[in-house]
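Here, each number is a calculation from the coordinates, and none is a lab measurement. Quantities reported herein were computed from a predicted structural model and do not represent experimental measurements. Neighbour counts run over all protein chains shown; Cβ positions are idealised from the backbone, glycine included.
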There are 4 protein chains.
Amino acid sequence: MPLGRKVKYGMVGGGPGAFIGAVHRRAAELDGLAELVAGAFSSDAQKSRTFGESLHLDPARCYPSYEAMAEGEAARAPGDRIDVVVIVTPNHLHYTVARAFIERGFHVICDKPMTTTLADAESLCRLVEQYGVTFALTHNYSGYPLVKHAKAMVAAGTLGALRKVVVEYTQGWLGTALEESGQKQADWRTDPARAGAGALGDIGSHAEQLARYVIGQRITRMLADVGTVIPGRRVDDDANLLLRYEGGVRGILHCSQVASGEENRISLRVYGSEGSLEWSQEDPNRLFFRPVDGPMQTLTRGSGYLSTEAQRATRLPSGHPEAFFEAFANVYANALRTIAARVAGETPDAADLDFPTVHDGATGVHFIETALRSGGTVGSGGHWVDATYTPSA
Amino acid sequence: MPLGRKVKYGMVGGGPGAFIGAVHRRAAELDGLAELVAGAFSSDAQKSRTFGESLHLDPARCYPSYEAMAEGEAARAPGDRIDVVVIVTPNHLHYTVARAFIERGFHVICDKPMTTTLADAESLCRLVEQYGVTFALTHNYSGYPLVKHAKAMVAAGTLGALRKVVVEYTQGWLGTALEESGQKQADWRTDPARAGAGALGDIGSHAEQLARYVIGQRITRMLADVGTVIPGRRVDDDANLLLRYEGGVRGILHCSQVASGEENRISLRVYGSEGSLEWSQEDPNRLFFRPVDGPMQTLTRGSGYLSTEAQRATRLPSGHPEAFFEAFANVYANALRTIAARVAGETPDAADLDFPTVHDGATGVHFIETALRSGGTVGSGGHWVDATYTPSA
Amino acid sequence: MPLGRKVKYGMVGGGPGAFIGAVHRRAAELDGLAELVAGAFSSDAQKSRTFGESLHLDPARCYPSYEAMAEGEAARAPGDRIDVVVIVTPNHLHYTVARAFIERGFHVICDKPMTTTLADAESLCRLVEQYGVTFALTHNYSGYPLVKHAKAMVAAGTLGALRKVVVEYTQGWLGTALEESGQKQADWRTDPARAGAGALGDIGSHAEQLARYVIGQRITRMLADVGTVIPGRRVDDDANLLLRYEGGVRGILHCSQVASGEENRISLRVYGSEGSLEWSQEDPNRLFFRPVDGPMQTLTRGSGYLSTEAQRATRLPSGHPEAFFEAFANVYANALRTIAARVAGETPDAADLDFPTVHDGATGVHFIETALRSGGTVGSGGHWVDATYTPSA
Amino acid sequence: MPLGRKVKYGMVGGGPGAFIGAVHRRAAELDGLAELVAGAFSSDAQKSRTFGESLHLDPARCYPSYEAMAEGEAARAPGDRIDVVVIVTPNHLHYTVARAFIERGFHVICDKPMTTTLADAESLCRLVEQYGVTFALTHNYSGYPLVKHAKAMVAAGTLGALRKVVVEYTQGWLGTALEESGQKQADWRTDPARAGAGALGDIGSHAEQLARYVIGQRITRMLADVGTVIPGRRVDDDANLLLRYEGGVRGILHCSQVASGEENRISLRVYGSEGSLEWSQEDPNRLFFRPVDGPMQTLTRGSGYLSTEAQRATRLPSGHPEAFFEAFANVYANALRTIAARVAGETPDAADLDFPTVHDGATGVHFIETALRSGGTVGSGGHWVDATYTPSA
């Protein structure tokens, strides 16, 4: 890295009890590219401080609020402030937090979905452009090396003309009214005000991005059969979509958080005229390629025959599995190297630009809104709607 | 069996080059319950005779046509004629052949889909009732022992309240315009006149029956996104359906014959409030049960803990796999024992009545017609339609 | 088949309660090549007759003993007697039964292990040669199409120079002193007088044959760690062997019948300089090929890229699984076609000669005896012994 | 942690081109428990410095040799020196490096095998006791959460009385004479002077430790069939062992580095009277439990039903896979927390003592030496030898 030091990051959210905050910290630091130097970990000032100290941070940089952090860090000497803010709050806060830091010139790494309204998402697109910052969205599933290889195979035409995509994200953890028990994750993720949407936002948007990343095509039409299976739940928890992509590719996307017994089954199949691919996140070190003639091949992460894109996203030889943290860290590594280059006043390496951006974020929010619009009254089954969307570049 | 001899069957269709005829013969005879004594194997009289002789049949009972066979057998002495006709012609002939034999009092075992029109299907329902014959439809996938166990688990409430069904039948063998090459199977299966429908009829109807068999519920509404991927093909080859079952269960059914690289992937998932099931035909000796709490269980065919229904449909201990022929033979065994009882003037064993009937056939044809109606213009994406149907019992 | 009729077979053993008799009958008849016309199913004359009648046999040909059957059939007119006897008694009877039929000129299909002593085995070799009959031994696991393909790959040099073989046959059904409960199968299979050996004979000999069939090499040295885990058991129930094959190939063969929780795990790995193969009987429709460079390939039964030997041993297209009965029937089909040719006075098709013979039987019995000799006192761990053996051809 | 800061570590070895150094650094830092502050990364002083600087280390602490580092760090103020040295050199240097640091009172984390002679291993045992330091050996495979759960199940008696262990570690990367190409890893790992042994030391010792860790029993007798498959190779590359454990448990351990096509297949099966376990490192998030009655269970990492030992070794919910780095980090986390407690003058948490120690290291070296002794002349097949060993505690 041109910077001659680790990238310095601060974190908003991710305090005690948060699942995703610790994931981001490990992902950020796995490759020795970044160090945490500041944080506003909780809306409770005391908790934020105590938590930051448990991470050996300077107490002065354990802020009581994101506003205080944005101002405090901006007031520090240029080489001594954070380079980038990592936003891991509930969804409804992403926009205002991101805005506060972008307007002070900080780069941003933000969890998904990016915002709870398309208006906010598009506002962020404009802000990112206006202030010239780097904005990375942590669609971590596209960080898996074999997902990158799948994308490379599609791009190389190995599958021939694409015909059909089947993508799903199936979980069971919200199979009961867990939110009524006060469980923290369930609480905010099923609150329309804080989450925006339910399964569609929390996991459906991952599925949409995963498919789009691999096939390199955008959805043009959709019909979303949006449902709420658990009585009393205020957001969708099961959604089944029929899709058309650019070029007429047919698609099925289904997601559920009430599929009892399932853990975190996000999987993708892509069918083309010359063969097909299948990948499942719960078994991430294998990619199944079925050529139209000849036996199925099991491609394994770390193998020498993989594409450059997959090779550079791997740290261990084949047979030594990598998994969730490493994939997450791949999103971070590219984003951090890009940010380091920009902080150093250099041009980022083109290969490092392979991470989801603010435009992916806007596309994801548009997907969620369109699906909810298509779905109409919950349980009605939905109707076909136009789903074309081009984020302002 | 009460009959004191094997059931005697004749076959219509299934001559040289036919895939499914040999399957039916093996299935019929696997358990020593039936013997082939007559046939009209081809519309070419000479071919029919030569083929029958290769099976060591009496040349006099190798008929030049189904009409000749129906008449010829009916003219024989009661104990010396066939008990049942097995119909394995292309779909468009099922109705007339079945009718000819039913009207002469013969029992019928028929391949699916039962007919190419709902009117014909309902006519067969009436004929079966009128003539009091047994009519079995070879939806062979519901013959697998672990499918029977899945049905038993659902019926016992082990999954709790059902929520969602995901069923698919995915193949790749029609991924090119194979019918233009003159390949016999592709030729008639893509001809609207002989097949009725394409993927929906050939494999989608299997998927529909498999799900219905297991969950014991009927579809009430559907939206079918029916497509033809291969240019010039005259029938559908890819269809994706959203479903509602009685009781509000949500469903996805997708089928394709253009999914390059896939072989014969018919699989089913059923999600309930207390757990879920997953089964795939390409790995038929394992049934995955995911209870809502506790580890996934892999139930294996032949195990002592399985339901009576599964146990009586198995011939080998666990670890000694059974497969396609044996499942097919399970449909036959129940149908043949039922027929033997009726021929012998006895009441069939209730357990033997577990085979698809003419009413399942009508339901399947209604499913196909409804899906095509929902699909509308090919490629339009389809719209929601009422799908309730109760065959005349 | 040149015979113009089905091969007629009689069965010795395989009456009520026998597992393997029904397997043989289904295997013999699956392809329409043979019909059962006589039997001595039990040493109890009444049971034999009742059982034969349940199979719709002529009561006159339901014999009270194998001697009566040998004499009775020999006394019938040439075209009206059995062509071949199928022997499915406990092991200790194989020799005398086989001898009685061979000496009357009948062909023989016999379950394994062939005999309980090498002297008997070699005597059978001589008798077979002397009387010019066909003798087939039902090592059914080498009947699986993908095992045949594995053999073809090795023969074609696809794996390069062979290095190592790992073969196992692991079961758990004798994990308790089941023989003390009177369970029929356990009773005779753990009786040294009737079974000869325990796990080594019952399943270890299958593993030995499977490996030898695929790699085409014979064992030259071995060390057998033979154990009896269940107190009081009179035969070995767990044996672990180190091997050397011709050409220096290193080998591990392990078998167990006390491996709690296992069903019927017979699997084989072959490593060569250019790649390796892995196959497991519980998942028989897949063969894993790992080339030294490039991704693992999953070869599937029924695929067009398979060898001729695999293709001719398959009945269904890929994705439509075949299993235990069909593999067993492949041994039968080759043996029956060979017998039919000989009965018709013709030369058998060379491709049909692919079935285990009396010499394989002698090799298997030698293997068992050598392993027991190497093992020495049970539990001692065993010592290296010469294991070369060439059956008199 | 009681220390109020991260543990400070220095590294010996692990410079440019080393595979395992980067693994150790990621493992050490994954949980925010340690920071790298010094290193002697290469025997080339300039390379060591450059490499250390690339890691943002203080150039003054990038030492030209391990001796300089031991002296230099010992000369620093108590709170400002390293707490622990991490040794990742080729095997033959472990002893002298460890000794240099132990004698100065530093704690040690060392890669395996611990030494190249048992005498050195036992000397280290005495030094560790004499100087009262903590010594951790990175047998990383026992760091996998489901391996810990397997151990807990055995300890709880869930498998009943143990009967048999089958453990293997199979690789193919040394399937050609890679060492002749100058490839760095192959070069030293096949040099008897630097590696000590070949496959037995590099991977066989992992397999031995994995099995011993899970079953809690030590080997008492063994026979090792030690081979060198690649002509000209100076160490063993394929070894197959028969074992007896305390209590009479029968064992098979096999390892190979010439198994073409294999990646890093280390797997373990444990059979007991009440059930069996199976785990494979290439699919580390699943543990298969086969109870003697009832279906196989697939236990998944991160599930609430797992043992405390497994739960505390996991960071992500089930369905979000963890893998090699995380398992490695589990060894580190326990060792680092123990070291932190000792540095802080406190008693370590008993649960943190779950990491391999110097005594495990001596046991491993004894295993290697005993296997080589049993094996005798390469290719002879080996003979049974006493293998009891109790490291001085």
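Remarks
- Position A:P59, label points 7 Å along Cα→Cβ, spacing to each other copy in nm (shortest first, one decimal): 3.6, 10.4, 10.8
- Rg/Rg_ref, the range C:50-90, where Rg_ref = 2.2 N^0.38 Å and atoms are Cα: 1.17
- Chain A, helix-only ellipticity at 222 nm - DSSP H runs n ≥ 4, -39,500 (n - 2.57), divided by all residues, nearest 500: -10000 deg cm²/dmol
- Extreme residue, positive dipole direction of the range B:272-381, given options B:G272, B:F325, B:A371 (C-beta unit charges): B:F325
- By the combined test of axial Cα extent (at least 18 Å) and Kyte-Doolittle hydropathy (mean at least 0.0), the qualifying DSSP H helices of chain B come to B:118-131, B:324-343, B:358-375.
- Assigned charges on the beta-carbon of Lys, Arg, Asp, Glu; chain B dipole about Cα centre (debye): 440
- Cα centroid separation, the range C:149-204 to the range D:366-393 (Å): 29
- D:T117 long-range amide H proximity, modeled H, under 5 Å: none
- For B:G4, inter-copy separations between label points set 7 Å beyond Cα along the Cβ vector come to 3.4, 10.0, 10.5 nm, shortest first.
- Of all beta-carbon atoms in chain A, the one sitting closest to the axis that brings chain A onto chain D gives A:A323, 2, with the distance in whole angstrom.
- Where N is the number of residues in the range D:125-242, Cα Rg divided by 2.2 N^0.38 Å: 1.28
- Using distinct alpha-carbon pairs, which all enter the 1/r mean, Kirkwood radius of the range C:1-96 in Å: 13.3
- Listed residue (B:A207, B:G182, B:L118) projecting farthest to the positive dipole end of the range B:108-220, Cβ model: B:A207
- Inter-centroid distance (Cα atoms) of the range B:1-60 relative to the range C:28-102, Å: 27
- For the range C:322-393, the alpha carbon convex hull comes to 142 Å³ per residue, rounded to a whole number.
- For the protein assembly as shown, Kirkwood radius (reciprocal of mean inverse C-alpha pair distance, Å): 35.2
- Inter-chain Cβ neighbour average for residues C:220-232, partner chain, 10 Å: 3
- Under the combined filter of DSSP loop state and at most 12 neighbouring Cβ atoms within 10 Å, the range A:299-393 retains these GluC sites (Glu not before Pro): A:E346.
- Convex hull volume of the Cα atoms of chain C, normalised per residue: 136 Å³.
- Centroid-to-centroid separation of the range D:224-242 and the range D:342-360 [C-alpha atoms, Å]: 36
- FRET efficiency, A:A74 to D:E67 (Cβ-Cβ, R0 60 Å, nearest 0.05): 0.80
- Fraction in percent of alpha-carbon pairs per bin - 10 Å, the range B:151-191: 22, 27, 14, 20, 17
- Pairs from the list A:K47/A:K112; C:K6/C:K151; B:K6/B:K112; A:K112/A:K148; C:K112/C:K148; D:K112/D:K164 with a Cα-Cα gap above 28 Å: C:K6/C:K151.
- Descending semi-axes in whole angstrom, ellipsoid equivalent of the range A:248-342, from the Cα gyration tensor: 25, 20, 16
- Taken about its Cα centre, the protein assembly as shown carries a charge dipole of roughly 0 debye when the Cβ of each Lys and Arg holds +1 and the Cβ of each Asp and Glu holds -1.
- For the range A:155-223, the square roots of the Cα gyration tensor eigenvalues, ordered a ≥ b ≥ c, give a/c of at least 1.5 with a/b greater than b/c, which places it in the prolate category.
- By average C-beta atoms within 10 angstrom, highest first, the peptides D:67-79, B:6-18: B:6-18, D:67-79
- Label-to-label distance, C:T347 versus B:A177, with points set 7 angstrom from Cα along the beta-carbon direction: 4.8 nm.
- Taking C:Y305, C:Y63, C:Y332 as the candidate residues, the one with maximal mean-square fluctuation in a Gaussian network model of chain C, Cα springs under 10 Å, is C:Y305.
- Distances in nm from C:Q311 to the matching label points in the other copies, shortest first (labels 7 Å along Cα to Cβ): 3.8, 4.5, 5.9
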